[in-house]
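Values quoted throughout were computed directly from the atomic coordinates according to the rules given, and no laboratory measurement underlies them. Predicted model only: the values in this text are computed from it and were never measured. Cβ coordinates were reconstructed from backbone atoms using ideal geometry, including for glycine residues, and neighbour counts include every protein chain displayed.
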Amino acid sequence: MSQPDATFEARARQAHEKLVRQVIDHPEVTLVDIGYDLENRASPKQIVLRVHVRRPTTKSSLGLPDDIDGVPVVLIIGDYQEETGD
Amino acid sequence: MPLINPADLRAARRALERAAAYHLFDSRVSLIDVGMRIEEEKGQVTNELTVRVHVRHKPRGVAFEAFAARNPERVIDEQRIGFPLDIVEADYRPHPSLFGPLPARAGVYNPLRGGISISNEWDFNYGTLGGKVIDRETGAEMILSAWHVLAGSAFAQPGLRIYQPGSGDRGQRRNTIALLSRHAMSAGIDAAVAEVTNARPIINDQLGLGPVTGVDSPTLGMSVAKSGRSSEITEGMIDGVEGVRTIRYNGFDRTVRHVVHIVQTAGGGEVSEPGDSGSWWLEKSSNQAVGLHFAGSDVPEYGLAIAMPQVFDTLQVNLAPA
């Protein structure tokens, strides 16, 4: 992870594990990762916790906070399929 | 084939209409039909006539309870349909013609290299030969690709034949180029290796990108490229790391870790297509392998890979020298 502040990185990893435990079994959730906030045009390299979901929804409907230990939580639409062809 | 009572079939058809009225427009439903119950664990067809609702994803256990609590109207209820129900987890896509033109990478390649069509002998499909690796213990030459390309089933055993091109690209038994050795699904990594036979030589080369020079960890902001069977050479940028997701394996949801998320570059263009599973993402300036491609999304255009150092260590292989 390319992040100048090692303390932030450690905090982000811990917060990520908390978030995974909270939402990974939710049927609408397809991935939980650490990455850039794709919607933040003012600060596109800001590192956030990302919950990927199959279709548009709200954080409140998933019971998600705005941040975990100071690391922002955002939603991303992403419905992923294995990529074999047939 | 079992005999079906005509009265039962009429009742099933009426129930099918009800099921369609309730659920056909649910986005998770891929098909509704009348047919014999399919036993979930073994995949065997039974003699019980049912209305079958095929869903793209079937939540189970706690996940189902959460889904049902939030979406009671989307729960497919046997009493409401009035006939035995079977919920089948399946997704369907248009099937290409068996007799239409095939892309260049669907041909027979000699020598073998990364970026070309392969499949196992059981699945009528195609994925991508990722690249050449060496068994750390025996020194044997192997190909490394996605588990769902080389094995695709919890019942796949070592020795399963690997075809180049894949069977979905008209590959046959005489196109066997490797035998399945082992996989990493037990560690939550969608990857496998197969030992090459002597049918054709294999080289460390990615079609259109050149040899792979090493293995490195994926990092945020890294520019990457891959050589895949379907989308050929594509580029992207890593915008997410340490991803965790669940996939269905052997009847259970399994957690996959070390997932890398890849987005389009500023210039746009595709990241991946069906058939690219198993291809290797390389850091663009160094040609070091950083990810094993295993899934994608069309809208928006994203790719998913597994961090390559974890793949190599779990499978106990090294990159073959160029």
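Structural remarks
- Each Lys and Arg contributes +1 and each Asp and Glu -1, all at the Cβ; summed about the Cα centre of chain B, the dipole is approximately 580 debye.
- For residues of B:182-191, the mean tally of beta carbons on other chains within 10 Å: 0
- Sorting B:M185, B:M36, B:M142 from the fewest to the most surrounding beta carbons within 10 angstrom yields B:M36, B:M185, B:M142.
- Each residue in B:S227, B:S117 was given a count of other beta-carbon atoms within 10 angstrom of its own, and listing them fewest first yields B:S227, B:S117.
- Choice from B:R254, B:R70, B:R14 showing the highest fluctuation, given a GNM over chain B with Cα pairs closer than 10 Å: B:R70
- Degrees separating the helix A:6-23 axis from the principal Cα axis of chain A, which is the longest one: 30
- Ignoring aspartates and glutamates fewer than eight residues from A:K18 along the same chain, the ones with Cα atoms less than 15 angstrom from its Cα are A:E9, A:D33, A:D66, A:D67, A:D69, B:E242.
- In terms of the mean number of neighbouring beta-carbon atoms within 10 Å, the peptides B:51-63, B:163-175, B:78-90 order highest first as B:163-175, B:51-63, B:78-90.
- Taking amide H as placed 1.01 Å from N in the peptide plane, B:L220 has its amide H under 5 Å from the amide H of A:S2, each at least 5 places away in sequence or on another chain.
- Taking other Cβ atoms within 10 Å as a rough exposure proxy, B:W280, B:W147 sort from fewest to most as B:W147, B:W280.
- Whole-Hz couplings from phi, Karplus 6.51/-1.76/1.60, listed for region B:285-290; x for Gly and Pro: 7, 10, 6, 7, 6, 10
- Contact order for chain B, expressed relative to its length and based on alpha carbon pairs under 8 Å spaced 6+ residues apart, stands at 14 percent.
- Low-density loop cleavage sites - GluC sites (Glu not before Pro) in chain A, where at most 14 other Cβ are within 10 Å (DSSP): A:E39
- The HN-Hα couplings worked out from phi for region B:12-25 by the Karplus form 6.51 cos²θ - 1.76 cosθ + 1.60 (θ = phi - 60°) are 5, 5, 5, 5, 4, 4, 5, 4, 5, 4, 6, 10, 5, 8 Hz, whole numbers, x standing for Gly and Pro.
- The string of couplings for region B:56-69 from the Karplus curve (6.51, -1.76, 1.60, θ = phi - 60°) is 5, 9, 10, x, 10, x, 4, 4, 5, 4, 5, 4, 5, 5 Hz, one whole number per residue in order, with x for Gly and Pro.
- Mean Cα-pair separation over length for region B:91-220, i.e. relative contact order, pairs under 8 Å, 6 or more apart, %: 26
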